[in-house]
Amino acid sequence: MTMIQALRSALDVMMARDPDVVVFGEDVGYFGGVFRVTEGLQAKYGKTRCFDTPINESGIVGAAIGMAAYGLKPVAEIQFADYFYPATDQIVSEAARLRYRSAGDFTCPMVVRMPCGGGIFGGQTHSQSPEALFAHFCGIRTVMPSNPYDAKGLLISAIECNDPVIFLEPKRLYNGPFDGHHDRPLVPWSKHALGMVPEGYYRVPFDSAAIFRAGTQVTVLTYGTMTWVAEAAARETGIDAEIIDLRSIWPMDLDTVVDSVRKTGRCVVVHEATRTNGFGAELCALVQEHCFYQLEAPIERVTGWDTPYPHAHEWLYFPGPARVGAALQRVMEG
């Protein structure tokens, strides 16, 4: 399966298993979504369980919160992560706080799906990676898969979760793994083992990072598209890097992170989002706190720049394998 097909399969499996699961958002019904993730679901399950909404992000999320409070399991789509901002108050002040403010009488079992990231020449309003914003607020779970197998298993876990989940989907990975070499032909998921996705039900639990590539010399902490970029950088530099794919941004699998850094003694943090106050800063702080005496060199950070995502200079912004590889070499020399 492609990641698109894997996400659709997860929705199909859960809608068949649980009649309380409903799917909605801009163009997700008849049209099947701008990326076709929900294609065919309205025809199969009807207009009351998969339906279109107005272009109103605060209304989409607000309706999902009300549905979740009264026992449904809504899966809402924000067409691009860049457009979630009008719904910020609903997400932060309502969804994230519902369990706490009701002393546990209400929960908010909702999922908000958001395609994120660049690499498609989407420009400043179709390329953002806002995961650090959600990770900052208690009461929200934030996940970002890097491949079809994880995407399906994590989405099923998200739908079954009693807390609100922000489900970020790197759209550059929808149709195949992307290692940052934009001038090379796309490799489809059909040619990769992680494209082999079971048809039925399975879960990938939250806060369970994956050792994407085992290594001994340096630990790379990353997620989403940058998992594949880091692998390319390790291959091209010949450095034996251990790549940790976080999968779940928050809650995070700290044990896997700490064990790896203590083993290698070096750490590089990579993400596509802007550098200042990005989630990489939290990762650096955690590594410093838990692995200080094992570190053999300063932690390196490779990120996007502190600018809007440029259309004309996309590949100067995108943290490609050359930038990641240079960081790997610097940390090995430190």
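The values are calculated or read from the model by the stated rules, or taken from the named source; none is laboratory data. None of the values given here were measured: they were computed from a predicted structure. With ideal geometry, Cβ positions are generated from the backbone for all residues, glycine too; neighbour counts draw on all protein chains shown. With ligands, DNA and RNA removed, areas are computed over all heavy atoms of the protein, side chains included. Shrake-Rupley method; radii C 1.70, N 1.55, O 1.52, S 1.80 Å.
Values computed for the structure shown
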read-out: Of the criteria (1) free of Cβ contacts under 8 Å to residues at least 12 places away in the same chain; (2) buried (at least 23 other Cβ atoms within 10 Å of the Cβ); (3) β-branched (Val, Ile, Thr), which one residue 227 fails; value: (1)
read-out: Count of residues meeting criterion [touching a helix residue (DSSP H, G or I) at 6+ places or on another chain (Cβ under 6 Å) and either under 25 Å from residue 165 (Cα atoms) or open to solvent by 10 Å² or more (accessible area, probe 1.4 Å) (or both)] in segment 252-271; value: 6
read-out: Positions within segment 197-220 being over 19 Å from residue 327 (Cα atoms) and without any contact (Cβ under 8 Å) to a residue 60 or more places away in the chain, in sequence order; value: 198, 202, 203, 204, 205, 207, 208, 209, 211
read-out: Residues of segment 230-250 that turn out to be in contact (Cβ under 8 Å) with a residue 24 or more places away in the chain, within 21 Å of residue 297 (Cα to Cα) and part of a loop (DSSP other than H, G, I, E, B), as a count; value: 2
read-out: Matching helices (runs of 4 or more DSSP H) fully within segment 1-73 where at least 2 residues are small (Gly, Ala, Ser) and touching a Cys at 6+ places or on another chain (Cβ under 8 Å); value: 57-69
read-out: Residue selected from segment 284-298 under the condition closer than 12 Å to residue 263 by Cα and not aliphatic (A, V, I, L, M), by the criterion least open to solvent (accessible area, probe 1.4 Å); value: 291
